[in-house]
Every structure is written in C-alpha cells, then in structure tokens.
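*Asks:* Would you mind keeping the following structure in view while I ask a few things?
The values are calculated or read from the model by the stated rules, or taken from the named source; none is laboratory data. All of these numbers come straight from a predicted model, not from anything done at the bench. Using ideal geometry, Cβ is built from the backbone for each residue, glycine included, and neighbour counts are taken over all protein chains shown. For the accessible areas, the whole protein counts, side chains as well, though only heavy atoms, and no ligand, DNA or RNA atoms are used. Shrake-Rupley method; radii C 1.70, N 1.55, O 1.52, S 1.80 Å.
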Amino acid sequence: MDFLYTYETLKLEFPLVEPEEAKFVLLGVPFDGTTSFKPGTRFGPTLIRHATLNLESYILDYDIDIAGLPIADIGDIAVIAGDAKKTAERVRETIEELKRVNPEAIPITLGGEHSITLGPVEALNPASYVVFDAHLDLRDQYEDNPYSHACVARRISELGVNEAMFGIRSGTKEEVEYAEENGIAWVHARDYDFDAFVELVKPLPEPVYLSIDIDVFDLSLVPSTGTPEAGGLAFWDIIEAIEWLAENKKIAGFDIMEVAGTELGDVTALTAAKLLFYFIGAMGKGP
Ligand SMILES: [Mn+2]
C-alpha cells in the first residue's frame, strides 16, 4: 500500500511484509526543525536503520529471531522543513491511514526530534503516555514555538492523556509546577529503578504509548543527540521496563526520538538500533 506522505529510503534489511499484514510498522521522520543545541536528528532514521546491519536478528536472551516476525517498513515521512506542527500532522495522517487498513499494527516511529511524537499520539489516542527522557518537555512555548521539542509532553498532557516520565534530570521550576498541578508523575534519573517504574506505571490506564527520547541514556551511550545531558540511565534499565510493559500493558505505539549524528556507525544510532530490536523482540515473544 502507498501512503500519501511517505517516500522510499534505506529500509530494514529483513524479509519485510506489507503494512496490511504487519504487526510492527516502522516509519522514519527525518526532522530537526526546532533543534536548539546539536543538529542532525534529520539523519536519525537512516542512521538507526543502517546501524541495524551490525546486529544479529536473533536475540540471545529471548531465544527469538525477530527477522521472522511480521515487520513492515514504510519509509520516511516527507517532512516540512522548519515546521514541527505540520510535520507532526503528516505523521498523524500517515498512522491514521495505516490503522484504517490494519487496526492491530503497532507503529514504530524513528526520529527525528521529539516534537514529532505529537503525531503518533494524536493518531493512536492512547490513555497513557510513558516517556523516558532527560527533559520534562512541559514548557508552554520554547523560542516562541508551542510545537518545539521542549513542549511535546505539555501538548500531550493537554489532550487529556495520563503521563509518567522516567530518567528526568532537566527542567524549569515552571515545568515542575505544571507537572504537580496536573498530576504528572516523574522520576529523576538519580532515583530511577525498576520498582519505581512499576509502581508508577502499573495503575495507568491502557493502551499505553511508549516514547524513548534517546537522551535519557547516559551520555556515553548517546553522544549524538539534540540536547545531551550527563547523568542518564543504563541500557538494561530501559530494556527491563520495556519487557514489563510488553508483558503487562497493551502498547498502542512506540518511538525512538532525538537520534542525531552525521556519520554512519555513530554510537548513538547503535544504541537506538539495539533498543529497537529489543522492543520488537519483547513484544514479539509474547507474555
Ligand atoms: Mn529530551
């Protein structure tokens, strides 16, 4: 099937299926229009797909070969340079198109900056938004733009979606107050552990949308990202959380955002690619 706003690009090197038959549907959003510090998220989707070439599709600890799962890759969204709002709308429309022909599909968005997450969330209408991020992203506006990457969790909260945030270590006093006033729970990176995650996520209503801003990881794992912050989480912290979600909650969609870089084989993309494989593996192996 053809989508209005996608185009062909480097795809996952797996035996892919059509979107109509897929359980997992990848789409890239090569957008970095509101990036405020380190540019290059427009290369994120290509860098992640390229980095998967380095990985075995067989996941050792799950005893599952994810290349045998029904995965589609519908390419990249034709972004509108500099316009996060319109680009997110194109992502929303693309996922709505997909869900009309395949209501069971789980869209996996590869970014691209975090502002774009508004698109899949609006399309999928989840009850809860679980996000791993260094930043609260609860600003009303940033650099005069309400659709900046620094505002995405605020826009999602305004849709009435429950939110829980993990790995946070950056925000303003106003953002903290907004979280308090609106019942948004968040766990500082220093305080993060698996029990804290389960405690907050267990009572959340389903389905859950899971967003990973790659800057949640420790800097050593993700040197190339839009707004890097020291003091992040370890790789297995997040894999354990994904495994718990896969076994205990209905997942509406998933994204990996803010992967930047200009060189194939960038460490950040290798981290993101491994994360992508574990998400598909955890969801594919069943409870
Ligand atoms: Mn962030």
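*Asks:* Starting from the Cα of LEU159, step 7 Å along the direction of its Cβ; do the same at THR262; then give the gap between the two resulting points in nm.
*Replies:* That separation, rounded to one decimal, is 3.4 nm.
*Asks:* Going 7 Å from the Cα of LYS23 along its beta-carbon direction, which residues of segment 43-68 have the amide nitrogen within less than 13 Å of the resulting point?
*Replies:* The answer is 64-68, whose backbone nitrogens lie closer than 13 Å to the label point.
*Asks:* Okay, moving on. TYR58 accessible area, nearest 10 Å², 1.4 Å probe?
*Replies:* The accessible area comes out at roughly 100 Å².
*Asks:* Can you tell me how the chain classifies by the Cα gyration tensor, rounded, prolate or oblate, using a/c under 1.5 as the rounded cut?
*Replies:* rounded
*Asks:* Once whole DSSP H runs in the chain are found, which of them have Cα atoms spread over 24 Å or more along the helix axis and a mean Kyte-Doolittle score of at least 1.0?
*Replies:* Membrane-span-like by this criterion, though nothing is claimed about a membrane: 267-284.
*Asks:* Can I ask one more? Loop only per DSSP, at most 14 neighbouring Cβ atoms within 10 Å: give me the GluC sites (Glu not before Pro) in segment 19-74, ordered by residue number.
*Replies:* GLU56
*Asks:* Taking the Cα centroid of segment 1-30 and of segment 45-124, what is the distance between the two, rounded to the nearest whole Å?
*Replies:* For segment 1-30 versus segment 45-124, the Cα centre distance is 8 Å.
*Asks:* With a ≥ b ≥ c the root eigenvalues of the C-alpha gyration tensor of segment 203-287, is it rounded (a/c under 1.5), prolate (a/b larger than b/c) or oblate?
*Replies:* The shape class here is prolate.
*Asks:* Under 17 Å from a label point 7 Å along Cα→Cβ of LYS285: give me every residue in segment 239-254 with its amide N that close.
*Replies:* 239-249
*Asks:* Here is a follow-up. How much length, in nm to one decimal, is gained on full extension between GLN141 and VAL101, taken as 0.36 nm per residue of separation minus their Cα-Cα distance?
*Replies:* Stretched fully, the GLN141-VAL101 segment lengthens by 10.8 nm.
*Asks:* Can I ask one more? Roughly what % of DSSP beta bridges within segment 1-159 run antiparallel, to the nearest 5?
*Replies:* 35
*Asks:* Accessible area per residue of segment 6-284 at 1.4 Å probe, in Å²?
*Replies:* Counting only protein heavy atoms, the per-residue value for segment 6-284 is 39 Å².
*Asks:* A further question follows. By the scheme Lys and Arg +1, Asp and Glu -1, what is the net charge of all other residues having a beta-carbon under 9 Å from that of MET165?
*Replies:* So the environment of MET165 carries a net charge of -3.
*Asks:* Tell me, in nm to one decimal, what length is gained between GLU206 and TRP236 on full extension, where the rule is 0.36 nm per residue of separation less the Cα-Cα distance? Could the numbers behind the result be given before it?
*Replies:* Numbers: separation 30, 0.36 × 30 = 10.80 nm, distance 2.41 nm.
Computed gain between GLU206 and TRP236 is 8.4 nm.
*Asks:* Can you sort GLU206, GLU97, GLU13 by 1.4 Å-probe accessible area, starting with the largest? Write out the running numbers ahead of the final one.
*Replies:* Numbers: GLU206 95, GLU97 40, GLU13 140 Å².
Largest to smallest exposure gives the sequence GLU13, GLU206, GLU97.
*Asks:* So, R0 is 22 Å and r is the distance between the beta-carbons of SER220 and PHE194; what FRET efficiency does that work out to, to 0.05?
*Replies:* Working: r = 21 Å, r/R0 = 0.96.
It comes out at approximately 0.55.
*Asks:* Can you figure out the FRET efficiency of MET1 with LYS173, using R₀ = 35 Å and their beta-carbon distance, to the nearest 0.05?
*Replies:* 0.15
*Asks:* Now for a separate question. If a paramagnetic tag sat 7 Å from the Cα of GLU247 along the Cα-Cβ line, which residues of segment 262-287 would have the backbone N under 13 Å from that point?
*Replies:* 282-283, 285-287
*Asks:* Let me ask something else. Which percent of the accessible heavy-atom area of the chain goes to carbon and sulfur, probe 1.4 angstrom?
*Replies:* Heavy-atom surface of the chain belonging to carbon and sulfur, 1.4 Å probe: 48 percent.
*Asks:* Calculate how many DSSP beta bridges within the chain are antiparallel, expressed in % of all such bridges and rounded to the nearest 5. All intermediate terms of the calculation are to be shown ahead of the outcome.
*Replies:* Numbers: 6 of 41 bridges.
Percent antiparallel among DSSP bridges in the chain is about 15.
*Asks:* Within the chain, count lysine pairs with alpha carbon atoms under 14 angstrom apart where the residues are 8 or more positions apart or belong to different chains.
*Replies:* Pairs that pass both the separation and distance tests number 5.
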